[in-house]
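Accompanying notes for the structure given below.
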Amino acid sequence: MKQNFYINDKLKDLISNLIYEIQNYNCIISKYTNLERCTEEYKNIVSRQSFFIERTMEAFNDFNDINSKSFILNMNFEDVNNIIDIVTDDFSDIFKSKRVKYSIYNNMNNNSTVFMDRSKLMSSLYNIFTFIYNIVKVNSSINILCDFLYYDNEDFLMMNNGNNNNEYDYSRKYIDISVIFECDKIPKEVKRKFFKTPLISYENITFNNLYLYTAYNIIKMHSGNMWFESLENKERINIIFPAKNKL
């Protein structure tokens with residue numbers, strides 16, 4: 001579909017109404033977590049659903065922002081380690097609900113302050129983990145790897161599927177976040193659409209792809225990139241963006 005379809009005024013109105021409805025629904029459902037008669041398990045379920053409603057709302061907001069002609073990133077120097085810790089902590093109990101174990105290997109040192117839009121980058125990571133939660137296998141595992149890397153050799157070109165263009169300075173320092181998880185095999189036809197459209201049609205089924213679509217576009221706005229890599233019985237999402245620590 002052409003990009004101008006997604007900035008159609010009627011579609012923007014529809015999304016605005018959906019955001020309003022989701023906000024109201026989220027306020028109502030959150031009240032049930034305070035009812036004494038509810039069991040702890042029920043409260044956890046409601047809290048979890050409330051969390052995902054909020055994530056959907058944020059994805060719609062990101063979608064609106066991305067398609068706004070006046071949209072600009074609010075760039076500041078922020079601690080990327082702090083952002084990663086907040087997002088992974090928030091998803092800790094979420095993943096436990098599917099009996100998914102996750103491990104984090106963070107090789108970044110304490111000097112991890114880089115130039116970014118904190119709110120949008122955090123939203124992107126939330127969206128990526130929401131996508132993973134929806135497809136990760138029950139009773140499986142997730143490995144998260146974080147590091148500073150210099151893409152000044154052929155390794156980066158191989159990881160980026162051989163796409164050698166001048167968009168990136170390959171001698172610069174980059175943040176590298178990789179998430180490895182187990183899921184059912186994703187058809188190549190679907191993978192090719194993950195970063196191109198918020199609505200994917202496959203075998204007469206249309207499903208919401210706002211999470212990956214918005215995350216990818218925000219990462220690209222940070223002069224970064226994101227791509228899938230198929231491993232044996234697993235999938236890997238790679239996220240990179242410049243580790244710019246001075247103007």
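Descriptive notes on the structure:
- Per-pair calculated FRET efficiency, R0 = 35 Å: Arg172 and Asn74 via Cβ, rounded to 0.05: 0.95
- Taking 0.36 nm per residue of sequence separation and removing the Cα-Cα distance, the Asn61/Asn143 pair yields an extension gain of 26.7 nm.
- Carbon/sulfur fraction of accessible area - the stretch 45-116, other protein chains in place, 1.4 Å, %: 43
- The label point for Phe52 and the one for Asn204, both projected 7 Å from the Cα toward the Cβ, are 2.6 nm apart.
- Mean Cβ neighbour count within 10 Å, used as a protection proxy, ranking 46-53, 60-67, 210-217 highest first: 210-217, 60-67, 46-53
- Virtual spin-label span in nm between Glu40 and Asp85, 7 Å along Cα→Cβ: 2.7
The values are calculated or read from the model by the stated rules, or taken from the named source; none is laboratory data. Every value quoted in this text rests on a predicted model; they were computed, and no experiment measured them. Cβ: placed from backbone, ideal geometry, glycine included. Neighbour counts: every protein chain shown. Calculation scope for accessible area: heavy atoms of the full protein, side chains included, ligands and nucleic acids excluded. Shrake-Rupley method; radii C 1.70, N 1.55, O 1.52, S 1.80 Å.
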